[in-house]
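Colleague: One structure, as structure tokens, below. Some questions next.
The values are calculated or read from the model by the stated rules, or taken from the named source; none is laboratory data. Because the structure is a prediction, the values reported are computed rather than measured. So basically every Cβ, Gly included, is an ideal-geometry build from the backbone, and we count neighbours across all protein chains shown. Heavy atoms of the whole protein, side chains included, go into the accessibility calculation; ligands, DNA and RNA do not. Shrake-Rupley method; radii C 1.70, N 1.55, O 1.52, S 1.80 Å.
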Amino acid sequence: MKHRTVADVMTAAVITVTARTPFKDIAETLIAGGISAVPVVDDDGHVIGMVSEADLLRKEEFREQFYREGYQPPLRARLRHPKGKKKAAGDTAAELMTSPPITVSPQAPAVLAARLMDSHDVKRLAVVDQDGRLVGIVSRRDLIKLFLRSDDDIATEVREDILDRGLWVDTSGVLVQVRQGVVTLSGQMDRKTETAIAVRMTQRVNGVVDVIDELTWKHDDSKWEAR
């Protein structure tokens, strides 16, 4: 069973800026490219940071003139972005970027990229090779593409890779149906524990939204396994 990697879903043609790129040039790059963030690279292509729309907006959110008028950004914004005021004074990518950047290898499982985004509360990751050089970028939108596999494609993988080759037991009595990414497994297997394994392995298939378990079994061996 081949799990999708970051390389399978990432964008390889990446727009970049350098540490010296001015604020306005970064803003124009984001708008012209229709992107929400841009990696910052050094002269050798190593990723040293990331500048996002949110980083640029600190210029307005923490603008000094508002403080003179008695305005302060919401407490949540100040706690979540403690360097916001410092970034608001930034004029170049080096002063605006988030560094060190959160990166991922192109060979890493796509699910790892999703977990990194969630744990670091970011929307995209720079994809780097073993030397730290930029090879692509992966976003939440790229990962969502994993769920766009056709129902037929998913059904084929479940049938052939999991049931026929992955379990090493008789699965001829199992029926696989897929609708809108939701897999229904029905029919009968020999042991209850085997049905549980079939469901768990199906849940791990790329593109599967959910698994409905309608499997039955001839022998309930779960109580023996518990012992």
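Colleague: Tell me whether segment 39-58 contains one or more residues that are at pLDDT 60 or above, open to solvent by 50 Å² or more (accessible area, probe 1.4 Å) and part of a helix (DSSP H, G or I).
Modeller: Within segment 39-58 (the criterion being at pLDDT 60 or above, open to solvent by 50 Å² or more (accessible area, probe 1.4 Å) and part of a helix (DSSP H, G or I)), the answer is yes, since at least one residue qualifies.
Colleague: Identify, from the list Arg159, Arg149, the residue that is among the basic types (Lys, Arg) and at pLDDT below 95.
Modeller: Answer to the check: Arg149.
Colleague: Follow-up question, since we're still on this one. Out of (1) over 30 Å from Asp164 (Cα atoms); (2) aliphatic (A, V, I, L, M); (3) under 20 Å from the mean Cα position of the chain (by Cα), the odd one out for Ala7 is which?
Modeller: Of (1) over 30 Å from Asp164 (Cα atoms); (2) aliphatic (A, V, I, L, M); (3) under 20 Å from the mean Cα position of the chain (by Cα), only one is false for Ala7: (1).
Colleague: Residue by residue through segment 128-145, note down the ones that are among the hydrophobic types (A, V, I, L, M, F, W, C) and buried (at least 17 other Cβ atoms within 10 Å of the Cβ).
Modeller: Once the filter is applied, which keeps residues that are among the hydrophobic types (A, V, I, L, M, F, W, C) and buried (at least 17 other Cβ atoms within 10 Å of the Cβ), segment 128-145 yields Val128, Leu134, Val135, Ile137, Val138, Leu143.
Colleague: Are there any pairs, at least 6 apart or on different chains, whose C-beta atoms fall under 6 Å, with the first in segment 3-20 and of a type outside the set (Gly, Ala, Ser) and the second open to solvent by less than 50 Å² (accessible area, probe 1.4 Å) and assigned to a loop (DSSP other than H, G, I, E, B), and if so, which?
Modeller: Arg4/Asn206; Val6/Pro106; Val6/Ala108
Colleague: Condition first: small (Gly, Ala, Ser) and over 10 Å from the mean Cα position of the chain (by Cα). Now tell me which residues in segment 137-161 satisfy that.
Modeller: Within segment 137-161, Ser150, Ala155 qualify.
Colleague: Considering only segment 106-122, I want to know if a residue exists there that is closer than 30 Å to Leu56 by Cα, open to solvent by 60 Å² or more (accessible area, probe 1.4 Å), free of Cβ contacts under 8 Å to residues at least 40 places away in the same chain and of a type in the set (Lys, Arg).
Modeller: Within segment 106-122, one or more residues are closer than 30 Å to Leu56 by Cα, open to solvent by 60 Å² or more (accessible area, probe 1.4 Å), free of Cβ contacts under 8 Å to residues at least 40 places away in the same chain and of a type in the set (Lys, Arg).
Colleague: Could you tell me whether any residue of segment 164-177 is open to solvent by 20 Å² or more (accessible area, probe 1.4 Å) and in a helix (DSSP H, G or I)?
Modeller: Yes, because at least one residue in segment 164-177 is open to solvent by 20 Å² or more (accessible area, probe 1.4 Å) and in a helix (DSSP H, G or I).
Colleague: Can you say whether Gln203 is closer than 30 Å to Asp44 by Cα and surrounded by fewer than 19 Cβ atoms within 10 Å (Cβ to Cβ), as far as the supplied structure shows?
Modeller: No, not satisfied.
Colleague: Right, something else. Suppose we filter segment 180-191 for residues that are crowded, with 17+ Cβ neighbours inside 10 Å and either within 9 Å of Leu215 (Cβ to Cβ) or free of Cβ contacts under 8 Å to residues at least 24 places away in the same chain (or both); how many remain?
Modeller: Going through segment 180-191 one residue at a time, the tally reaches 2.
Colleague: Further, regarding this structure: Of (1) at pLDDT 95 or above; (2) surrounded by 14 or more Cβ atoms within 10 Å (Cβ to Cβ); (3) over 27 Å from the mean Cα position of the chain (by Cα), Thr216 satisfies all except one. Which?
Modeller: (2)
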